[in-house]
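Here the structure comes first, spelled out in structure tokens, and everything after it is commentary.
The values are calculated or read from the model by the stated rules, or taken from the named source; none is laboratory data. Computed from a predicted structure; not experimentally measured. Cβ sites come from the backbone with ideal geometry, for glycine too, and all protein chains shown count toward neighbours. Each accessible area value is taken on the protein alone, full model and side chains, heavy atoms only, with ligands, DNA and RNA left out. Shrake-Rupley method; radii C 1.70, N 1.55, O 1.52, S 1.80 Å.
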Amino acid sequence: MNKHDIPSPGGNHSSPVPDLSVDIAGVRLKNPVIAASGTFGYGREYQDLIDVAELGAICTKGLTLHPRPGNRGIRLQETAAGLINSIGLENPGIPAFIEKELPQLRRLGPAVIANLSGSSIEEYVEGARLLSASDIDMIELNISCPNVKAGGMAFGLCPPDAAAVTAAVRQVCTKPLMVKLSPNAPDVIAVGKACVDAGADALSLVNTFKALAIDIHQRRPVFEHITAGLSGPAIKPIALRMVWELCGALSVPVIGLGGIASPEDALEFLLAGARAIQVGTAIFSRPPVLHEIIEGIREYMGHHDFTRIEQLSIRPNYA
């Protein structure tokens, strides 16, 4: 990516400095780059590796009302084109997160998005109630995790179920509410519309794709739950297509994710209409990629004389 030639002080004028800040349902982020849920812990795990304060936001690990030990057996399987995971929402539970993790997470600087999951509507509602009373900025309602037996993706596959859990959470949620959609839904746009009609302020997609790996030596599936979630470079073109279609169909802010691993990947999602982007799997192998993406977006905007992120979009929902 080429640097933009900014006129010298002796010239007629200087190009304005690009403003990378974005507004997501009333939450102002300093830039559109968010560390995705499940790939960045609670932020402290990376603070000795990168300048965490430079990120737009951190999305927490998936949180449930009660502590979860996660799935047994093999949890990660690398493939030629991505990573398959079966973590199973291992987390300390929302009360412990609020007491022990949130204070230090808050001090890191970026906005804090709590990823909320559950096994029943009642569990989602109680979790949302507790998080709404805490010092987070936004809730990401996770109805798309493919790695749990009950709840999770089951709520995100059909519009009535997605609307039911979104509406129930909306009643008690006093924070901006973003719903994370599943690419495994037969009609993801219909699910997105149902969530918006039920009170969602924003949408994020995609979560992982349901996938399979087989151990040819043991002659059985690698994962205890047979299937798991695929992320990484393999899913990027499909995720981008889904973001493009969703941005053309709805007018709420859309946060795009799925295989983003470079500034060019991020720019494609922003051009497709995403208000912001989340980076996930790429962080595992190269944490500095987050800063490379922020700087790459800044350079692109300067090169093309864009002053605000929303000028990048070529989709109608950002007009």
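Within segment 158-166, can one find any residue that is crowded, with 17+ Cβ neighbours inside 10 Å, touching a Phe, Trp or Tyr at 6+ places or on another chain (Cβ under 9 Å) and assigned to a loop (DSSP other than H, G, I, E, B)?
Within segment 158-166, not a single residue is crowded, with 17+ Cβ neighbours inside 10 Å, touching a Phe, Trp or Tyr at 6+ places or on another chain (Cβ under 9 Å) and assigned to a loop (DSSP other than H, G, I, E, B).
Kindly indicate whether residue 7 is modelled with pLDDT under 95 and open to solvent by less than 80 Å² (accessible area, probe 1.4 Å).
Details: modelled with pLDDT under 95: yes; open to solvent by less than 80 Å² (accessible area, probe 1.4 Å): yes.
It is true that residue 7 is modelled with pLDDT under 95 and open to solvent by less than 80 Å² (accessible area, probe 1.4 Å).
Considering segment 32-56 alone, what residues qualify as being farther than 21 Å from residue 93 by Cα and of a type in the set (Gly, Ala, Ser)?
Selection gives 53, 56.
Which fully enclosed helices (runs of 4 or more DSSP H) of segment 206-319 have 2 or more residues being of a type in the set (Ser, Thr, Tyr)? First the steps, then the outcome.
Values: elements: 236-249, 263-271, 281-285, 289-303.
In segment 206-319, the matching helices (runs of 4 or more DSSP H) lie at 281-285.
Can we say residue 134 is part of a loop (DSSP other than H, G, I, E, B), closer than 22 Å to residue 181 by Cβ and open to solvent by 10 Å² or more (accessible area, probe 1.4 Å)? Can you show your working first?
On the way: part of a loop (DSSP other than H, G, I, E, B): yes; closer than 22 Å to residue 181 by Cβ: no; open to solvent by 10 Å² or more (accessible area, probe 1.4 Å): yes.
No: the conditions fail for residue 134.
Looking at segment 25-61, which of the residues that are of a type in the set (Gly, Ala, Ser) and open to solvent by 10 Å² or more (accessible area, probe 1.4 Å) is nearest to residue 201 (Cα to Cα)? Let's see the steps before the verdict.
Looking only at segment 25-61, we keep the residues that are of a type in the set (Gly, Ala, Ser), and these are 25-26, 35-38, 41, 43, 53, 56-57.
Narrowing further to those that are open to solvent by 10 Å² or more (accessible area, probe 1.4 Å): 25-26, 37-38, 41, 53.
Values: 25: 6, 26: 9, 37: 18, 38: 22, 41: 25, 53: 25 Å.
If we take residues in segment 25-61 being of a type in the set (Gly, Ala, Ser) and open to solvent by 10 Å² or more (accessible area, probe 1.4 Å), then 25 is nearest to residue 201 (Cα to Cα).
Which of the following residues is within 18 Å of the chain's Cα centre (by Cα) and either in contact (Cβ under 8 Å) with a residue 40 or more places away in the chain or open to solvent by 40 Å² or more (accessible area, probe 1.4 Å) (or both): 279, 289? Lay out the reasoning, then the answer.
Numbers: 289 fails: either in contact (Cβ under 8 Å) with a residue 40 or more places away in the chain or open to solvent by 40 Å² or more (accessible area, probe 1.4 Å) (or both).
Just one listed residue meets the conditions, 279.
Have a look at 235, 260, 226, 277 and point out the one that is at positive phi and among the aliphatic types (A, V, I, L, M).
Working: 235 fails: at positive phi; 260 fails: at positive phi; 277 fails: at positive phi.
One residue alone meets the criteria, 226.
Check off (1) modelled with pLDDT of 95 or more; (2) open to solvent by 80 Å² or more (accessible area, probe 1.4 Å) for residue 2 and give me the number that stays unchecked.
It fails just one condition, (1).
Is it true that residue 43 is touching a Leu at 6+ places or on another chain (Cβ under 8 Å) and modelled with pLDDT under 95?
Numbers: touching a Leu at 6+ places or on another chain (Cβ under 8 Å): yes; modelled with pLDDT under 95: yes.
Spelling it out, residue 43 is indeed touching a Leu at 6+ places or on another chain (Cβ under 8 Å) and modelled with pLDDT under 95.
Can you tell me which residues in segment 99-113 are of a type outside the set (Gly, Ala, Ser) and open to solvent by less than 50 Å² (accessible area, probe 1.4 Å)?
Scanning segment 99-113 gives 101, 102, 104, 105, 108, 110, 112, 113.
Anything in segment 63-81 that is at pLDDT below 95 and open to solvent by less than 30 Å² (accessible area, probe 1.4 Å)? List them, or say none.
70, 71, listed by residue number.
When both residues are 6+ apart or on different chains and their Cβ atoms are under 8 Å apart, which pairs have a first residue that lies in segment 155-166 and is of a type in the set (D, E, K, R), and a second that is surrounded by fewer than 20 Cβ atoms within 10 Å (Cβ to Cβ)?
Matching pairs, first to second residue: 161/154.
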